[in-house]
Each structure stands twice: as C-alpha cells, then as structure tokens.
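Inspection log for the structure reproduced underneath, given as structure tokens.
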Amino acid sequence: MPPTQSPGTPDRSLATDPKVAEALAALVTEARLASRWAGLSQASDMAHKRILTSFLERGDPPGIEPFQADVLDDLSRRDLVHVRDGKIALAYPFATDRTDFFVSVAGRPALVTCLCPVCRSPTHVSLSEDGLTIKSASKPDARVWTGIQEVGACAADSQCKSMLLFCSPAHLDDRKYNQPADPRGFDLTLQQGVQLGAAIFGPFLQRHIREATS
Ligand SMILES: [Zn+2]
C-alpha cells in the first residue's frame, strides 16, 4: 500500500522545468505542508471538500450553516478556509473578494485573466484542457513573480500577493526597484508559472473533481 499522502502534497512530477522545481521546493516546504494538512480530521476534510466543490461547481462558497464552528476554526487555523462577517470568504486558492486574478473554470479550456500590479492592464491566458500548457496569451512576454515569504493569516490573500503577474519584464523591474529590500523570489515565464500552479494546486483540486464525479 502506498504511504498516506497529504492531500496538499504538490505533484513534483509536473515541475519538469528546473527553475519551477526550485521554486516549488522553496514555496512548499514540509513545515508548511504539515501546518496545513497534518492530522486533518475526517470532519474537517469533509467540510473542506464540500466548500471547494462549491467553489469549483458554482463559483461561490456554501453558507456556513451546515458546518460546525470548531471545524471552521480548525480550517482557519490551517489557513485553508477563512470566514469573514459570517460568510466563507476564502478557500485556498479561491476567494470571494475581488483579486487581481480571475479564473473561469466553467468553460474549457480555462481562461485566466490577471492584472499587472504596476499598470493594471490585463493579461489573458487560455490554458489547455489539462491545465498544463498555455494555448494563447495576450501578452506572451508577461512575467510571473513568485515571492518567497511566510504565509500570513490568509493563504488566498497571501498567495495573491506573493504570486504576481506583470505585463512585461520592464514592469516587473519597476516593482523590484520600488521594494525596500532585495525581494526574494523567482522571476518566471508564463509557462513556468502555469507549471508551478499546476504542481501546487492540481493535486488537491483534482482529488475533489475526481471524488465529486465518481
Ligand atoms: Zn504593466
């Protein structure tokens, strides 16, 4: 029998690009995985699945009513789900608040739109069916900046801040010059960014899709 694997374990086999493999190792450490997933109770696991499935299928979270408060507290401590003002606001990697990333999962292939943090211009990226390859990009030279930093109180927010898509190398440079200290992170091409995202989010999202459709 294979060892029980944390649902959050990234699929390192997808990181075929050496730079992506390096970024993945820096971003997803054992300590980080353990703080999210170790000892997840069945009740928390079920609740988490139900919340993610709702985001995936309807684009919205469910209400909090069906969930026990201690289960939601546990998911919040693990930085997997956050409740704000009595509503589920975040379930890593989904958020109800407007972010600079818009992902359309209803249609296939998926269409991703990201706003450049410097000039706010959008980059539209259309992905292959398996989510691993870019079919087209409105700005092929866009750069994905992946900052290496500790996750704060909120995963979906902090991921949004630490993974940024710049419309051009020049705008990524602009941002770097405006940082107080030399920021730690990886400057990735769009394709490298897609590969990194697939390796991190693919395993647990696919597990939900598989279980929801079986
Ligand atoms: Zn820009």
Restricting attention to the stretch 49-72, the residues that are in a helix (DSSP H, G or I) and in contact (Cβ under 8 Å) with a residue 12 or more places away in the chain number exactly 10
Of A199, A142, the only residue that is within 16 Å of the ligand (Cβ to nearest atom) and at pLDDT 85 or above is A142
Here the qualifying pairs (Cβ atoms under 6 Å; residues six or more apart or on different chains; first in the stretch 162-176 and more than 10 Å from the ligand (Cβ to nearest atom); second of a type in the set (S, T, N, Q)) come out as S162/Q149; M163/T146
The lone condition A153 fails out of (1) at pLDDT below 90; (2) within 20 Å of P203 (Cα to Cα) is (2)
Within the stretch 35-48, restricting to residues that are in contact (Cβ under 8 Å) with a residue 24 or more places away in the chain and among the aliphatic types (A, V, I, L, M), the one that is farthest from I148 (Cα to Cα) is A43
Within the stretch 95-124, the residues that are modelled with pLDDT of 80 or more and more than 15 Å from the ligand (Cβ to nearest atom) are V112
The residue that is modelled with the highest pLDDT, considering only those in the stretch 65-94 that are loosely packed, with under 13 Cβ neighbours inside 10 Å and of a type in the set (G, A, S), is A69
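The values are calculated or read from the model by the stated rules, or taken from the named source; none is laboratory data. The model shown is predicted, which means the values in this text are computed figures rather than measured ones. Note that each Cβ is placed from the backbone with ideal geometry, even for glycine, and that neighbours are counted across all protein chains shown.
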